[in-house]
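Derivation of every value follows stated rules applied to the coordinates shown; laboratory data play no part. What you are looking at is a predicted structure, and each value in this text was computed from that prediction instead of being measured. Here the Cβ positions follow ideal geometry from the backbone for every residue, glycine too, while neighbour counts run over all protein chains shown.
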Amino acid sequence: MDFKQLAENLELDEAEFTELLELFSNTGGKDIARLEKAIETGNKKEAERAAHSLKGSSATLGLMAIAEKAGLLEENLREDCHEDSFRLLEGIKENMNIIKKLIGFEQN
């Protein structure tokens with residue numbers, strides 16, 4: 001993942017982009033937790049909202065691996081195709097962990 005290029009795409013320097021990634025890791029982490037709980041409890045609407053939020057925020061930052069998975073998850077939930085929901089969620093979590101490690105930002 002080329003943070004320098006992603007930062008340039010947003011007309012930011014790397015430090016500013018890293019700050020946005022830290023914010024994203026916090027808010028995105030909350031969306032992931034909300035999404036996971038909603039899927040586990042069968043709250044389809046809340047799961048769709050969380051997936052949509054995650055898709056938008058990650059796409060804005062150019063984090064397309066997360067945005068694509070969140071978009072697929074949102075679509076699956078909308079179409080009641082839940083077979084891949086947990087697999088997609090795990091993929092999103094893995095991508096988020098990679099971002100956190102790359103920026104040296106770990107938060108519970």
Kirkwood Rh over alpha-carbon pairs of the chain plugged into Stokes-Einstein at 25 °C, 0.890 mPa s gives a D in µm²/s of 176
Degrees separating the helix 14-41 axis from the principal Cα axis of the chain, which is the longest one = 10
Theoretical FRET efficiency, 1/(1+(r/R0)^6), r = Cβ-Cβ of GLU94 and LYS30, R0 22 Å, to 0.05 = 0.80
If you line up the long axis of helix 44-60 against the longest principal axis of the chain, both from Cα atoms, how many degrees apart are they, to the nearest 10?
-> 20
Degrees, to the nearest 10: 64-78 long Cα axis against longest axis of the chain = 20
Give the relative contact order (percent, whole number) for the chain; include only Cα pairs under 8 Å separated by 6+ residues.
-> 24
What number, rounded to the nearest 500 deg cm²/dmol, is the helix-based mean residue ellipticity at 222 nm of the chain, given -39500 (n - 2.57) per DSSP H run of at least four residues and division by all its residues?
-> -27000 deg cm²/dmol
How long is the gain from ALA15 to LYS45 if the chain were fully straight, where each residue apart is worth 0.36 nm and the alpha carbon distance is subtracted?
-> 7.2 nm
